[in-house]
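Chemist: Shown below is the structure under consideration.
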Amino acid sequence: MANLLWLQGGACSGNTMSFLNAEEPSAVDLVTDFGINVLWHPSLGMELGDNLQKLLRACVSGEIALDIFAFEGTVVNAPDGTGDWNRFAGRPMKEWVRELANVAQFVVALGDCATWGGIPATAPNPTDSQGLQFLKRERGGFLGPDFTAKSGLPVINIPGCPAHPDWITQILVAVATGNAGEITLDEFQRPKTFFTSFTQTGCTRNMHFAYKVSAPEFGQRKGCLFYDLGCRGPMTHSPCNRILWNRQSSKTRAGMPCLGCTEPEFPFFDLEPGTVFKTQTVMGVPKDLPAGVDQAGYIKLTGAAKAAAPAWAEEDIFVV
Amino acid sequence: MGGNKRDDPAKLLAEIAQMLEDGLETQTEPFPETVQEFSKILDELRALDRDDIKGRLVIGGFVNHPYGPDGQRCQECIYYLVHRKWCDLPELSLPVEPEWWCRLWKI
């Protein structure tokens, strides 16, 4: 039996909704098949008021063993570092987070806000928000760069806006069943099993990427979304086209550009008018190129690909 | 130009080629360095009558040869459909030759 406590800071509940929609395994499977005891969760917890405070204090004191502390949302520090803009169970949430993280065997950050601040921490960051162990790309965050949970692992980051349901439940199961040693983390403390390949890996538009055929408008089934509509699939680490959403689709498969939501810089371009859903270019060349590709190589590749492109690449082959 | 020529890309391509050959002055400068500048040109194009081919050539800055120090041309542009000899940028939607260029060039 592994005790799981899930709290929510500065957040939209998106990761809770994602978690409740998990299928492999489902939230129910966690309890019935994998021995996870949900001490409390914003949408599932039964305790209110004094009873909730008693539960949280029992976790902090060690009376109740806290195996997994899952946190969704940012740590809110405003105003003036007090955290009073996000009070919970009688005190600033940030104080609970600090004390619970210090006694937990594992700390798991769920979604962009908890991992690196996400949208709330975007400049000018009015809530003075931080992720648990990062603020955007900068290591540190609320718990500091040297924090490790009692297991010895740093915060396990599962980013996304929201994180995919099964990324959440599969990591919780791995931790709860004693398999945390098999979880290797990348430089941003993301499980490599999910965040080594790219969103583009498995994208159904890859042939259009290869032959440099663009989709200049939304709703087109032919064409790659990278060239004109700002898709960040070639430089975003996520398995969105390997572990499909709702078991059947993904943003790019549905014609929606990847927004790069599993990367620390999300949302990109400060959301300035004209920058969203538009590939940023400098003198006609994309500002952000596919990971590992330099500008000279990109230009040569484009010329060669255009010259070699077959006629079918220009047609909508999905029409039958 | 009449809209019926849309149905015959080869004929339209020949007419466009002739206009450029005859020295049609187009707005090759300024080249849009940013997305915002690019979008302003698109806005100008959208304001044109859908049959105003000449207007599209002028605002697009078309020339019938490679352009600039790097010899940029439609052939490498992301909007160019090689087999159809067609510019697929919705605001242009024109038959073009691979050796041509316009200031909405993007790779």
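Chemist: Taking the Cα centre of the stretch A:197-315 as origin and charging only Cβ (+1 Lys, Arg; -1 Asp, Glu), how large is the dipole, in debye to the nearest 20?
Modeler: So the magnitude is around 440 debye.
Chemist: Compute the Cα gyration tensor for the stretch A:1-135, then decide on rounded, prolate or oblate, letting a ≥ b ≥ c be the square roots of its eigenvalues: rounded whenever a/c is under 1.5, prolate when a/b is larger than b/c in the other cases, and oblate in all that remain.
Modeler: oblate
Chemist: Beyond 27 Å, what percent of the Cα pairs of chain A remain?
Modeler: Taking all Cα-Cα pairs of chain A, the fraction more than 27 Å apart is 46 percent.
Chemist: Which value results when the Cα radius of gyration for the stretch B:3-95 is divided by 2.2 N^0.38 Å?
Modeler: Here the Cα radius of gyration is 1.05 times the empirical estimate.
Chemist: Hand me the tally of lysine pairs in chain B: alpha carbons under 17 angstrom apart, and the pair either on different chains or 8 or more positions apart.
Modeler: Qualifying lysine pairs in chain B: 6.
Chemist: Send over the per residue convex hull volume for the stretch A:197-315, Cα only, as a whole number of Å³.
Modeler: Taking only Cα atoms, the stretch A:197-315 has a hull volume of 112 Å³ per residue.
Chemist: Another question about this same structure. DSSP beta bridges in the protein assembly as shown, what fraction antiparallel, as a percent rounded to 5?
Modeler: In the protein assembly as shown, DSSP labels about 50 percent of beta bridges as antiparallel.
Chemist: Restricting attention to the protein assembly as shown, give the cysteines that have no other cysteine Cβ less than 4.7 angstrom from their Cβ.
Modeler: A:Cys12, A:Cys59, A:Cys113, A:Cys203, A:Cys224, A:Cys231, A:Cys240, A:Cys258, B:Cys74, B:Cys77, B:Cys87, B:Cys102 - these cysteines have no disulfide-compatible partner (Cβ-Cβ under 4.7 Å) in the protein assembly as shown.
Chemist: What is the local net charge at A:Phe34, summed over the other residues whose Cβ is closer than 13 Å to its Cβ (Lys, Arg +1; Asp, Glu -1)?
Modeler: Once positives and negatives cancel, what remains is -4.
Chemist: If you don't mind, there's one more thing I want to ask. Check A:Cys258: other-chain or 5+ apart residues with amide H under 5 Å from its amide H, H built from backbone geometry?
Modeler: A:Arg232, A:Gly233
Chemist: Averaged over peptide B:86-96, how many Cβ atoms belonging to another chain are found within 10 Å of each residue's Cβ?
Modeler: Across the residues of B:86-96, the mean count of other-chain Cβ atoms within 10 Å is 2.
Chemist: Hey, fewest Cβ within 10 Å first, where do B:Cys74, A:Cys258 land in order?
Modeler: Arranged by neighbour count, lowest to highest, B:Cys74, A:Cys258 become B:Cys74, A:Cys258.
Chemist: Another question, then. Roughly how far apart, in whole Å, are the Cα centres of the stretch B:30-107 and the stretch A:251-278?
Modeler: When both Cα centres are located, 25 Å separates them.
Chemist: For A:Asp84 paired with A:Ala123, estimate the spin-label separation in nm (one decimal), with each label point 7 Å from Cα along the Cα-to-Cβ line.
Modeler: Rounded to a tenth, the inter-label distance reads 2.9 nm.
Throughout, read-outs are computed from the coordinates displayed, never taken from laboratory work. The shown structure was predicted, so the numbers you read here are calculated from the model rather than taken from an experiment. Cβ sites come from the backbone with ideal geometry, for glycine too, and all protein chains shown count toward neighbours.
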